[in-house]
Amino acid sequence: METFEAIRTRRAIRAYDPTYRLDDAELAALLHAARHAPSAFNIQHCRFVVVKDPALRAQLRKVAWDQAQVTDASALVVICADMAAWKKDPARYFNGAPKAVQDQMAGMIRDYYMGREWVQRDETMRSAGLAAQTLMLAATARGYQTCPMDGFDYDAVGKLINLPDDHVVAMFVVIGKATQEAAPRVGALPDGEVILTDRFPG
Ligand SMILES: Cc1cc2nc3c(=O)[nH]c(=O)nc-3n(C[C@H](O)[C@H](O)[C@H](O)COP(=O)(O)O)c2cc1C
């Protein structure tokens, strides 16, 4: 599928065929596509928790406003991110580059993140958003439907998936075969309100 068509046809889908099985190789291909999403300093903050256990899926649904797609979609991916990735042997994010480059980048990473807790957290959300959209577009291109989700209790989800203390949950992405088409798009704001030139009106 052509990129613009994938962007245009991706919709947030809520009704899925619970009998449809997405095979492991196909899901792995989608996740590897998502791993090509950019991250600042190539830190690769994101951790993709693929929830396969049906009992855990049911528990997650309970803390996600009982939204059916949590159990009915073929795949549920909890996109998490490591807020402390910046200090976990950062030279490895440049493995394969010359040692001087690895050392230089590790220093830049330390200077950028050290003592800036808001940046440590904000960067995880930027990375996770890009990864989620990349995952959804890859799935769309392969003929699946998706839904990004944050309608859930973050603390409860964290407990259920054993989230480490220095990680955050960013969102869910579900992937599967729709049983219902999306309703026509509504509510688009005018371009003039959302696309600006140079600066906001003074
Ligand atoms: C961060 C985020 C969280 C969302 N959470 C939910 C959710 O919990 N449940 C749901 O059905 N849709 C959720 N959505 C989907 C939005 O409602 C949907 O993207 C929006 O209405 C636009 O529709 P479209 O994606 O079909 O263009 C979420 C979207 C985003 C980006």
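The values are calculated or read from the model by the stated rules, or taken from the named source; none is laboratory data. Just so you know, these numbers come straight off a predicted model, no measurement behind them. Here the Cβ is made from the backbone with ideal geometry for all residues, glycine too, and neighbour counts use every protein chain on show. For the accessible areas, the whole protein counts, side chains as well, though only heavy atoms, and no ligand, DNA or RNA atoms are used. Shrake-Rupley method; radii C 1.70, N 1.55, O 1.52, S 1.80 Å.
Restricting the range 39-64 to residues that are surrounded by 14 or more Cβ atoms within 10 Å (Cβ to Cβ) and assigned to a loop (DSSP other than H, G, I, E, B), the residue that is farthest from the chain's Cα centre (by Cα) is VAL63. Take the conditions open to solvent by 70 Å² or more (accessible area, probe 1.4 Å), under 26 Å from ASP66 (Cβ atoms) and either free of Cβ contacts under 8 Å to residues at least 24 places away in the same chain or touching a Ser or Thr at 6+ places or on another chain (Cβ under 8 Å) (or both) and apply them to TYR154. Does it pass? So TYR154 fits the description; yes. Tallying residues that are open to solvent by 10 Å² or more (accessible area, probe 1.4 Å) and not in a helix (DSSP H, G or I) within the range 65-83 yields 6.
For the range 163-184, the count of residues that are farther than 22 Å from ALA58 by Cβ, assigned to a helix (DSSP H, G or I) and of a type outside the set (S, T, N, Q) is zero. Yes or no: GLY129 within 14 Å of the ligand (Cβ to nearest atom), free of Cβ contacts under 8 Å to residues at least 40 places away in the same chain and open to solvent by 10 Å² or more (accessible area, probe 1.4 Å)? Criteria not met by GLY129.
Restricting attention to the range 5-37 and to residues that are away from the ligand (no atom under 15 Å from the Cβ) and without any contact (Cβ under 8 Å) to a residue 12 or more places away in the chain, the residue that is farthest from the chain's Cα centre (by Cα) turns out to be THR19. One residue is enough: does the range 176-198 have a residue meeting the conditions within 30 Å of ASP82 (Cβ to Cβ) and without any contact (Cβ under 8 Å) to a residue 40 or more places away in the chain? Within the range 176-198, not a single residue is within 30 Å of ASP82 (Cβ to Cβ) and without any contact (Cβ under 8 Å) to a residue 40 or more places away in the chain.
Answer yes if at least one residue in the range 137-151 is assigned to a loop (DSSP other than H, G, I, E, B), open to solvent by 50 Å² or more (accessible area, probe 1.4 Å) and of a type in the set (Gly, Ala, Ser), and no otherwise. No, every residue in the range 137-151 fails to be assigned to a loop (DSSP other than H, G, I, E, B), open to solvent by 50 Å² or more (accessible area, probe 1.4 Å) and of a type in the set (Gly, Ala, Ser). Given the condition in a helix (DSSP H, G or I) and open to solvent by 30 Å² or more (accessible area, probe 1.4 Å), answer yes or no: does some residue in the range 15-24 qualify? So far as the range 15-24 goes, yes, one or more of its residues are in a helix (DSSP H, G or I) and open to solvent by 30 Å² or more (accessible area, probe 1.4 Å).
When ASP122 is tested against (1) in a loop (DSSP other than H, G, I, E, B); (2) open to solvent by less than 80 Å² (accessible area, probe 1.4 Å); (3) without any contact (Cβ under 8 Å) to a residue 24 or more places away in the chain; (4) not small (Gly, Ala, Ser), just one condition goes unmet, and that condition is (1).
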